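What follows is a single structure, written as structure tokens, with notes after it.
Just so you know, all these numbers are worked out from the coordinates, no wet-lab data involved. All of these numbers come straight from a predicted model, not from anything done at the bench. Glycine gets a Cβ as well: all are built from the backbone with ideal geometry, and neighbour counts include every protein chain shown.
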Amino acid sequence: MKPEKPTYQDLENQLAQTQKVLAALEQDQIDAIFGDDRYMQLLNLKQTIDMLCRNERNFHALADANLIGIGFGDSNGNVTYINDEMLRMTGYSRADAIAGRINWETCLTPENCTEAGTWSERLLNQEVVSVQEWEFLRPDGGRTPVLGAASRISSPDGHLVIIALDRTQIRQAETRSWKSDQRLRMAADSLNIGIFEWNLTKNTACWENDHMYQIFGRSRKQPPLRYSDFLEQAVDFQDKEAFDHAFSKARHPGNVFAFACRIHRPDSSNLSWIEISGKFYQNDADPSLCMIGIAQDISEQKAYEQTIEKINDQLEQRVRDRTAKIQQQTERMRVLANKLGQAEQKERNRLAAVLHDHIQPLVVGARMHLWDIHRKNHIDDAHKTAHKIESILEETLAELRSLTVDLSPSAILNDGLAGGVNWLVTYMKKKFNFTLTPRVEEPIDPISENICFLLFQCLKELLFNVVKHSGEDQATVSIERTQDQNIRIIVWDNGNGFEPDTFEETQNNTASLGLFSIEERLKDIGGRMKIASAPGQGTTVTLTAPAGETDETTTPPGHRHQRRADDKPAVPERNPKDSIGILIVDDHKLLREGLTGLLQMEPDFEILGEAADADTAVVLAEKLTPDVVIMDVNLGEKTGMEATEKILSKNPHIKVIALSMHSDKRVINAMYRAGASVFLNKTVPSDTLIANVRRCISDG
């Protein structure tokens, strides 16, 4: 049986006993027994033993502190000593260690074993495993990351020593840091932001993500741009000085910097806009001044800003132009208001002159002739005076008709805009010897009454301008209804023509009442006017206006009459005799009474009744069955054409004589189509009317 090795404590006890023996001996006795050299050897041995004891105590104190994992093993890898920290990391218990169930080779994961052999083999071959990262494979299947090292102890038994530091918390911190870094990179890439860092003291650079390279048009193989390189190679000369000045001014730890500039990219010939922003800080590892920042391509944003700025400039210019135009129009409207006032007064004066110089003298003359009749003793002289009065009244009626036509042509009331154009053909020829060729593409009705009158007035004003400025004696007018329910009037001539721009400037300066008045009136109803002209090439003017509401049933104020209490029809008993029964229909009481007084003087005429409107005329005609109906064409809300058709549909034997103040062909044809036998102007002599009444009866 091999003897047990003495421990350090046994050696220390033996040395202490030897020292006690030596203390009892004299020096010469010690020298005689051991000699000088032997004694010194004993002292050295004592000091060595003291040092080893202290080291063993220190080692046990370190192992028991569990600051790091410590373990020993034999040449086969079996654990001979292990502290609590190493047990925790390997996942074994103290009982496993005492029972010898722990082996270093099985504690390590397969990834840590190399083809060169086991640790024990490597260490026995005098190899030292340097500090490296391992993972202990715990019995429960878990893994413990450690930073470890191993070495062979110089001893005949070839013992191994292993130390390890738990890296679980460090790895968790690294994982969190890595995830945070990845999230930051992903967020920056998704926002098209590049991340960089400049060490300004060492003049180095670090680009943290791929987008930083994309912004500057560089590849990963190319080094990132340092600040000096960025300033010299990338920044455009227009922004270089301003960027460096702002950067130098902010260059202090804790300051924040932001600047937008243009850069050159090696992969593009166009300049790009970028925005650099970041914060300066002092590096903890050394006194270097650094800046961590982001870069963003803002080329599209700058393009949008430039577009918006351009649009704003255009809008501001339009506002200025519109303001100037409004000011011009305001001035023109002021001048026009004065001119309209003057025109109104001029028209008042004209009407007053017509009444004073033409109508009043005629009425006064007729009145004087009536006085002369009172003084006449002979009937022949009275007849002559009566003829003079009739002539005067006829002239008075002619003047009144002319004045009425100037104010509102009856053709519009009866036949709408087309009738108004036909009236203008006659009017322009008679007054100006101007030939107007109409082209009306039917149908153009229905048209709102207000729109119809407005277009007629605009067309009339336009033709006056043609007569005045074109130098031509003829023009063409076309009227059509468009698919979008607008009325389009086109007037063209081959006259002098003009420059539209020059004409507009002239309009602004003179505030003419011509085309500007037409344009403004059309704008009020949602219409427009377009002028196409050139010097020597004639002029084409297009007027467009909405047709307006078509359900209007009202008539102009001058033609709107309501039945009054004194307009009740007279329905006398028919005298059974051989006479011509007559029904008089007119919406003016004075005219009905005048016709009644005129016709009842004839012995073979019998006035059966009077009617003031179309409906009453139809009722009386059916009740009285007259031989002749003298029908006024204009009866207010319903026309004489409508009344004639209804009367003849029930009593076709009745003869209808139509009377009107106007002799428009369309009106005449319409009355004949309705069934009228005769159409007469109200200004014809009474004998003509009486003769036509008898002729209607005699012709059957």
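Annotations
- Shape category assigned to region 173-297 from the gyration tensor of Cα positions, a/c cut at 1.5: oblate
- Val146 sits among other residues whose Cβ lies under 9 Å from its own Cβ, and their net charge, with Lys and Arg +1 and Asp and Glu -1, is -2.
- Here the relative contact order of region 173-297, from alpha carbon pairs under 8 Å that lie six or more residues apart, stands at 26 percent.
- Where only C-alpha atoms are counted, convex hull volume of region 258-304 per residue in Å³: 89 Å³
- Residues His264, His252 arranged by fewest to most Cβ contacts within 10 Å: His252, His264
- Charges were assigned to the Cβ only: +1 to each Lys and Arg, -1 to each Asp and Glu. The resulting dipole of region 608-671 about its Cα centre is roughly 240 debye.
- Ascending count of other beta-carbon atoms within 10 Å, so fewest first, for Lys460, Lys429, Lys310: Lys310, Lys429, Lys460
- Which of Lys279, Lys221, Lys249 has the fewest Cβ neighbours within 10 Å, and the rest in rising order: Lys221, Lys249, Lys279
- Farthest towards the positive end of the charge dipole of region 177-273, among the residues Leu184, Ala234, Thr201, is the Cα of Leu184, using unit charges on the Cβ of Lys, Arg, Asp and Glu.
- Backbone amide hydrogens, once placed in the peptide plane, bring Arg265 within less than 5 Å of Ser272, excluding anything fewer than 5 places away on its chain.
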